[in-house]
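The values are calculated or read from the model by the stated rules, or taken from the named source; none is laboratory data. Here the structure is a predicted model, which is why all the values come from computation and not from measurement. Note that we place each Cβ from the backbone using ideal geometry, even for glycine, and neighbour counts take in every protein chain shown. Heavy atoms of the whole protein, side chains included, go into the accessibility calculation; ligands, DNA and RNA do not. Shrake-Rupley method; radii C 1.70, N 1.55, O 1.52, S 1.80 Å.
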Amino acid sequence: MAKLTMRQMPHPALKALSDAGGGNTLADGRKARRSDMEDEPDGPLRLCAVSRLERPVDELIRFVADPSGQIFADAGHRLPGRGVWITAEKPVVAEAVKSKAFAKSLKRAVTVAADLADQVDALLLRRALNALSLANKAGHVTPGFAQVEALIEKGSVVLLLHAADAAEGGQDKLDRKFKAIARDRGLPATISTMFTIEQMSLAMGRSNVVHAALIKGGATKKLLSEAGRLERYRRPAASVLQSQSPPLPEV
């Protein structure tokens, strides 16, 4: 069966592929990356279409147009076609919509949703919650105040999660203990408060998840990456991922 090209791929397939952060085949992913290497020959750096400054790929969001000209965020950097790179900050994406940066970069008529910046926020949130779900399935997540406290005392926690709507008293107690132990071991204490109780509970398939701790592992590293990207996107409105030192090495 012949692979779908950018012009052949139907609109729903493009959107679903973007939301999932995946591609139809590994070859499709390689093709998309080759396409962008041709667009921007400077390797890992890409030019933001709004600021006109070069930035590393992980500080940007790639956007593509489907065959009808509708602009979508390609959070997984896997969709085929020429991409438009925008600094991964909500105000910058909003400015890209306002300034018609997508049409200017692609040199064609496109359709851009007025709430594209909010759509990207929702997409990055879904990806972060999906990463939490996968980490839970991998056995890297421990929920519950008492269980989290016990795991912190063992010194095996690398990421502490609190629901954004959690009571402050319990959160502060866990934070102090976690930071103290991490400081004594010379490790970073990374704490996230970007999910609600409902969101954490749904992602983990449990009821009333308020606090959770994650241990070292590949799935935890993926969650740190996705959560960090969502946090950066939401700046400067609110900083919800706090780190006392550089990102965790080899999580």
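Might you let me know whether the range 165-181 holds any residue that is among the hydrophobic types (A, V, I, L, M, F, W, C) and either part of a loop (DSSP other than H, G, I, E, B) or within 17 Å of Asn130 (Cα to Cα) (or both)? Yes, there is a match, as at least one residue in the range 165-181 is among the hydrophobic types (A, V, I, L, M, F, W, C) and either part of a loop (DSSP other than H, G, I, E, B) or within 17 Å of Asn130 (Cα to Cα) (or both). Screening Arg206 on (1) in contact (Cβ under 8 Å) with a residue 60 or more places away in the chain; (2) surrounded by 15 or more Cβ atoms within 10 Å (Cβ to Cβ) shows it passes everything except condition (2).
Of Leu151, Leu214, Leu174, all but one fail to be touching a strand residue (DSSP E or B) at 6+ places or on another chain (Cβ under 7 Å) and closer than 13 Å to Leu224 by Cα; the exception is Leu214.
All told, Leu134 falls short of being assigned to a helix (DSSP H, G or I), open to solvent by less than 50 Å² (accessible area, probe 1.4 Å) and not hydroxyl-bearing (Ser, Thr, Tyr). Here Ala113 qualifies as under 30 Å from Gly81 (Cα atoms), open to solvent by less than 30 Å² (accessible area, probe 1.4 Å) and not in a helix (DSSP H, G or I).
Among the residues making up the range 61-72, a single one is open to solvent by 10 Å² or more (accessible area, probe 1.4 Å) and closer than 17 Å to Asp121 by Cα: Phe72. For the range 198-215, the criterion of being in a helix (DSSP H, G or I) and either more than 19 Å from Leu123 (Cα to Cα) or of a type in the set (D, E, K, R) (or both) is satisfied by at least one residue. Residues of the range 209-235 that are without any contact (Cβ under 8 Å) to a residue 40 or more places away in the chain and open to solvent by 70 Å² or more (accessible area, probe 1.4 Å): Lys221 alone.
Residues of the range 146-166 that are within 26 Å of the chain's Cα centre (by Cα), surrounded by fewer than 18 Cβ atoms within 10 Å (Cβ to Cβ) and not acidic (Asp, Glu): Ser156, Ala164.
Restricting attention to the range 85-110, the residues that are farther than 18 Å from Met194 by Cα, assigned to a loop (DSSP other than H, G, I, E, B) and open to solvent by 40 Å² or more (accessible area, probe 1.4 Å) add up to 4.
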